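> Below is a structure I'd like to ask you about.
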Amino acid sequence: MAHKKAGGSAKNLTGSNPQYLGVKLYAGQKAKTGNIIIRQRGTQFLPGKNVSVGKDHTLFASKDGIVSFKNKRKVKYDGRVEMRKEVNVG
């Protein structure tokens, strides 16, 4: 006779860490050089004046200034026109 109750193997207990994506600095806020403005997957937001793109599509400020957003027309490969947000620091 067993003296201990059999323990079942547990599945689905490990989870990956959250990615913390999204806008980090909003319009009107001050950005210093190197500050992350937006963390994103793919380029949903386009880089504008004084904004650079990291290798994981993160947008960050390349100069000090105030963050601003504006709509920009982007023509896709098949001729469709799409409105995208552009991020500027000025």
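Readers should treat all values here as calculations from the given coordinates under stated rules, not as data from a laboratory. All values derive from a computational prediction rather than experimental measurement. FYI the Cβ positions are ideal-geometry reconstructions off the backbone, even for glycines, and counts take in every protein chain you see.
> Given an 8 Å cut-off on Cα distances and at least 6 residues of separation, report the relative contact order of the range 22-89 as a percent.
It comes to 35 percent, rounded to a whole number.
> Can you spot the aspartates and glutamates whose alpha carbon is less than 20 Å from Lys70's alpha carbon? Ignore those fewer than 8 places along the same chain.
Partners within reach: Glu82, Glu86.
> Here's another thing I want to ask about it. Mind checking which aspartates and glutamates have their C-alpha under 12 Å from Lys11, skipping anything on the same chain fewer than 8 residues away?
Lys11 reaches no qualifying aspartates and glutamates.
> Note the full-extension length gain between Thr14 and Lys74 as 0.36 nm times their separation in residues minus their Cα-Cα distance, in nm to one decimal.
That pair, Thr14 and Lys74, stretches by 17.5 nm at full extension.
> Hey, another quick one. Past the 22 Å Cα-Cα mark, which pairs from Lys24/Lys74; Lys30/Lys76; Lys24/Lys85; Lys49/Lys85?
In this structure, Lys24/Lys74; Lys30/Lys76 exceed 22 Å between Cα atoms.
> Another question, if that's okay. Of all DSSP beta bridges in the chain, what percent run antiparallel (nearest 5)?
Percent antiparallel among DSSP bridges in the chain is about 85.
> While we're here: Could you tell me the convex hull volume per residue, in Å³, taken over the Cα atoms of the chain?
Hull volume normalised by residue count: 177 Å³.
> Can you give the net charge of the other residues whose Cβ lies under 12 Å from the Cβ of Thr33, counting K and R as +1 and D and E as -1?
The answer is +2.
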